[in-house]
Amino acid sequence: MAGRILLADDPAGIVVVPRTAIVTGGASGIGKATCDVLARDGYRLLVADRDEVGARGVADAIGAMAAGVDVTDEASVVELFERATSLLGRIDALVTSAGIVDMTPFFELDAATFRRVHDVNVVGTFLCIREAAKRMRPGARICTIASIAGKRGGGLSGTAAYAASKGAVLALTRNAARVLAEREIAVNSVAPGPVLTPMLAAAFERPGQRARVEGLTLLRRSADPIEIAEAVAWLISPAASYVNGETLTVDGGLVMD
């Protein structure tokens, strides 16, 4: 029943309707896996991504809807959520998977690159939370995608800009949980460790990098994207009804604190 809502006030009696969700960054990686899991669980989905063609491919495969969005563009985000309200009727859940990684060494990192990473990972997450929350009803749920880089300050693949941005996502998640609690909207985060996604592929091409990173986990491997998606699905489900402002670390035991 994770993807269903019971409506007891219908004149015909109790009616079961699908829950709805928007997944940004849904064209690939963790976002795509999340779309697959939520579709399996019966959600009505809007797959959103800057790569609109990719989003449509994912949506067509699972019977969902798709839309293009640039999460760094405020007008684009507003338009996405206006469209989502029209297409879905309501917004029960949001997953903010849109993000980028940066591997520029500390002393070679310039301000423009730093800002770009934060524009996508932090500002983009904020804009999506804000616009979703404006349209959500009590009981809705939001899950952001952070990273253990935001907890440990990098040291794996992403460097200063990435680690700082994901630390900001963790703080933003807690703030949003505080602010939106009065609307009965829960906000939580998943902080993955190494995950086998296209975003990490370039880092793992460096000699010895994959073995080094996976060797830090207790499970001695990277996650499949679906393992992260399952955690996301739980956090936006009614089963997590008493979880709010929390970060669920899913990293194979790399960070234990």
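The values are calculated or read from the model by the stated rules, or taken from the named source; none is laboratory data. All figures in this text were calculated on a predicted structure; none of them were measured in a lab. Cβ placement follows ideal geometry from the backbone for every residue including glycine, while neighbour counts extend to all protein chains displayed.
Mind checking which residues of region 118-149 are among the small types (Gly, Ala, Ser) and free of Cβ contacts under 8 Å to residues at least 40 places away in the same chain? Before you say what the answer is, go through the steps one by one.
Taking region 118-149 first, the residues among the small types (Gly, Ala, Ser) are 124, 132-133, 139-140, 146-147, 149.
Matches in region 118-149: 149 only.
Report yes if some residue within region 150-167 is touching a residue at least 12 places away in the same chain (Cβ under 8 Å), of a type in the set (Lys, Arg) and closer than 19 Å to residue 33 by Cβ; otherwise report no.
Pass one, region 150-167, residues touching a residue at least 12 places away in the same chain (Cβ under 8 Å): 150-153, 156-167.
Filter once more, so that each one left must be of a type in the set (Lys, Arg): 151-152, 166.
If we keep only those that are closer than 19 Å to residue 33 by Cβ as well, we get 166.
Within region 150-167 (the criterion being touching a residue at least 12 places away in the same chain (Cβ under 8 Å), of a type in the set (Lys, Arg) and closer than 19 Å to residue 33 by Cβ), the answer is yes, since at least one residue qualifies.
Being at pLDDT 95 or above and part of a loop (DSSP other than H, G, I, E, B) is the filter; apply it to region 171-215 and report the residue that is nearest to residue 249 (Cα to Cα).
Step by step, filter region 171-215, then rank; the result is 185.
Considering only residues of region 200-257 that are more than 16 Å from the chain's Cα centre (by Cα) and among the hydroxyl-bearing types (Ser, Thr, Tyr), which is nearest to residue 43 (Cα to Cα)?
Result: 241.
Please verify whether residue 124 is buried (at least 16 other Cβ atoms within 10 Å of the Cβ) and either modelled with pLDDT under 95 or of a type in the set (Gly, Ala, Ser) (or both), treating the condition exactly as stated.
Working: buried (at least 16 other Cβ atoms within 10 Å of the Cβ): yes; either modelled with pLDDT under 95 or of a type in the set (Gly, Ala, Ser) (or both): yes.
In short, yes.
Can you tell me which residue within region 68-89, out of those that are free of Cβ contacts under 8 Å to residues at least 40 places away in the same chain and assigned to a loop (DSSP other than H, G, I, E, B), is farthest from residue 23 (Cα to Cα)? Quick ask: steps written out before the conclusion?
If we filter region 68-89 for residues that are free of Cβ contacts under 8 Å to residues at least 40 places away in the same chain, which is where we start, we get 68, 70, 73, 75-76, 79, 82-83, 86.
From the residues that got through so far, the ones that are assigned to a loop (DSSP other than H, G, I, E, B) too are 70, 73.
Working: 70: 13, 73: 17 Å.
Only one residue fits best here, namely 73.
Restricting attention to region 6-38, and to residues there that are part of a loop (DSSP other than H, G, I, E, B) and modelled with pLDDT of 70 or more, which single residue is surrounded by the most Cβ atoms within 10 Å (Cβ to Cβ)? Steps first, answer last, please.
Of all residues in region 6-38, those part of a loop (DSSP other than H, G, I, E, B) come to 8-14, 19, 25-28.
Add one more test, that the residue is modelled with pLDDT of 70 or more, and what stays is 19, 25-28.
Numbers: 19: 26, 25: 30, 26: 34, 27: 27, 28: 19.
Looking at the filtered set, the residue picked out is 26.
Taking into account only those residues within region 129-151 that are in contact with a Lys or Arg (Cβ under 6 Å, 6 or more places away or on another chain) and outside any helix (DSSP H, G or I), which is farthest from residue 79 (Cα to Cα)? It would help to see each step written out before you state the result.
First, the residues of region 129-151 that are in contact with a Lys or Arg (Cβ under 6 Å, 6 or more places away or on another chain): 146-147, 149-150.
If we keep only those that are outside any helix (DSSP H, G or I) too, we end up with 146-147.
Details: 146: 24, 147: 28 Å.
Applying the filter and picking the extreme gives 147.
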